[in-house]
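The values are calculated or read from the model by the stated rules, or taken from the named source; none is laboratory data. Small disclaimer: the values here were computed from a predicted structure and weren't measured. Positions of Cβ are backbone-derived with ideal geometry, glycine not excepted, and every protein chain shown enters the neighbour counts.
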Amino acid sequence: MASNTKIIRKDYILILILVALRFLSSKNVIPNFSYLLIAIIVSFYFFPIKLFIDKSLFDEAKSKKIIKVLSYFIISSIIVISALLFYVDDRNNFIGYTFLVYSLLNTILFFYFYFTENISYYFILTLCVSFLVSIPIMT
C-alpha cells in the first residue's frame, strides 16, 4: 500500500511527460491527435479521479481543501486546453483567452503554495504545469 501512495505522489511526472509530448507535437514529430488523446486521459486523472484517490485531502481544513481541489481543476483544464490549441487557428478567441486566464491562476497558485507550504507536492505540480503552459505561449 505504501508503494501505491508513493506512485500517486509522484504523478507530476505525468505533467513532465506531457510537456515533452506537447513539444514533440508542436514540432510535428508525433501527431497532434495522439497528444490530444493522452492529454484527455491525463486530465481526467487529475480532476475527477485524483479527488477520489487522494485520501489526505479529507484530512485538510476546508479552506486548504478548496484550494487544492481548485488547483486540480485548473491543472486539468490547462492540460485539455493545451491540446485544443492545436486545432484553433486564431488564439484571440475564447479558448486562447481561457488558456491565459488559467495560466494566470496557475501562477497565483504557484506563489500561494510556495509561500504557504514551502516546496510541497502542490508547489512542484504547479511548477511542472508552468512548463506545460509555456510551450503553447511560445510556439
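So here's what we get for this one:
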{"item": "Residues that are in a helix (DSSP H, G or I), more than 19 Å from Ile124 (Cα to Cα) and among the aliphatic types (A, V, I, L, M), drawn from region 60-102", "result": "Val80, Ile81, Ala83, Leu84, Leu85, Ile95, Leu100, Val101"}
{"item": "Filter result for the condition that a residue is of a type outside the set (D, E, K, R), touching a helix residue (DSSP H, G or I) at 6+ places or on another chain (Cβ under 8 Å) and either closer than 21 Å to Ile41 by Cα or at pLDDT 85 or above (or both), over Ser120, Ser103, Ser134", "result": "Ser103"}
{"item": "Pairs with Cβ under 7 Å, 6+ apart, first in region 32-53 and charged (D, E, K, R), second modelled with pLDDT of 90 or more and assigned to a helix (DSSP H, G or I)", "result": "Lys50/Tyr72"}
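Each row is one residue, and each column tells you yes or no for (1) surrounded by 15 or more Cβ atoms within 10 Å (Cβ to Cβ); (2) under 25 Å from Phe23 (Cβ atoms); (3) in contact with an Asp or Glu (Cβ under 9 Å, 6 or more places away or on another chain); (4) not acidic (Asp, Glu).
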residue: Leu36; (1), (2), (3), (4): yes, yes, no, yes
residue: Ile74; (1), (2), (3), (4): yes, yes, no, yes
residue: Leu85; (1), (2), (3), (4): yes, yes, no, yes
residue: Asn93; (1), (2), (3), (4): no, yes, no, yes
residue: Phe115; (1), (2), (3), (4): no, no, no, yes
residue: Phe131; (1), (2), (3), (4): yes, yes, no, yes
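Residue-wise test of (1) in contact with a His (Cβ under 7 Å, 6 or more places away or on another chain); (2) among the polar types (S, T, N, Q); (3) over 22 Å from Lys10 (Cβ atoms); (4) touching a residue at least 40 places away in the same chain (Cβ under 8 Å).
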| residue | (1), (2), (3), (4) |
| --- | --- |
| Phe23 | no, no, no, yes |
| Ser56 | no, yes, no, no |
| Tyr72 | no, no, no, no |
| Ile79 | no, no, no, yes |
| Asn92 | no, yes, yes, no |
| Thr107 | no, yes, yes, no |
| Phe111 | no, no, yes, no |
| Ser120 | no, yes, no, no |
| Phe131 | no, no, no, yes |
